Amino acid sequence: MGNLHSVSKALEVVGASPLISDRPSEIFAADAVVLPGVGAFDPAMAQLQERELVPVIEQIIAQGMPFLGICLGLQVLFECSEEGTEPGLGIFAGKVKRFQSEPGLTIPHMGWNQLTLTQSASPLWQHLPPSPWVYFVHSYFVAPEDPSLVAATVCHGRQTVTAAIARNNLFACQFHPEKSGAVGLQLLRNFVALAKD
């Protein structure tokens, strides 16, 4: 759904050997899985269903394979979205919500913004500055029921929302590391290092 090739190129830059695939056998044989995405929630879930990838994603996460969701790849991990009617993967309890309009607030939230890291010890944040700048393009954000899942937040207008989640082998971010310069490449480098451990 959109940014496969730019994510693949960024992973190559940090030393990975990415393979773009929807074949379960190739996905299960990987050292790690990245689920990127740009676009709308319902078409993304329809693609995952049509390609029979829902049980594959559930299984690789349950098995402990390092997993990174990017943008829409974060949102589909939750139960549902205000953007559509299709159920999400339901890996985590919570829903995807739309930014609330307020005077002077631009929706979508687009451009560079600064993260507040709420899980400072997360391996994803190693060798990053304390409040890194990253690149966002989104109108919707995840609202996990379990606040301990949140690994970073971002402020847009008066709203503070989830920018990243982390738990065990699973990481996912609302921003685009492949568009976030040196910070984004370092984050991807950290993820690749986990895959090689």
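What follows draws every value from the coordinates through simple rules; no lab data is involved. Fair warning: this is a prediction, and the values are worked out from it, not measured in the lab. So basically every Cβ, Gly included, is an ideal-geometry build from the backbone, and we count neighbours across all protein chains shown.
Below are the figures for this structure:
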{"item": "Flag if LEU194 is under 16 Å from PRO36 (Cα atoms), surrounded by fewer than 21 Cβ atoms within 10 Å (Cβ to Cβ) and not acidic (Asp, Glu)", "result": "no"}
{"item": "Residue match in segment 180-196 (condition: in contact with a helix residue (DSSP H, G or I) (Cβ under 9 Å, 6 or more places away or on another chain) and in a loop (DSSP other than H, G, I, E, B))", "result": "yes"}
{"item": "Only listed residue being farther than 18 Å from ALA193 by Cα, polar (S, T, N, Q) and either under 14 Å from the mean Cα position of the chain (by Cα) or surrounded by fewer than 22 Cβ atoms within 10 Å (Cβ to Cβ) (or both), chosen from SER17, SER81, SER25, SER8", "result": "SER25"}
{"item": "One residue from GLN47, GLN59 being polar (S, T, N, Q), surrounded by 13 or more Cβ atoms within 10 Å (Cβ to Cβ) and closer than 23 Å to HIS138 by Cβ", "result": "GLN47"}
{"item": "Test: residue in segment 148-165 that is farther than 20 Å from PRO18 by Cα and part of a loop (DSSP other than H, G, I, E, B)", "result": "yes"}
{"item": "Output for segment 27-58, where each listed residue is farther than 20 Å from LEU188 by Cβ and of a type in the set (D, E, K, R)", "result": "ASP42, GLU50, ARG51, GLU52, GLU58"}
{"item": "Matching entry among SER131, SER81, SER120 (being of a type outside the set (D, E, K, R), within 14 Å of THR162 (Cβ to Cβ) and free of Cβ contacts under 8 Å to residues at least 60 places away in the same chain)", "result": "SER81"}
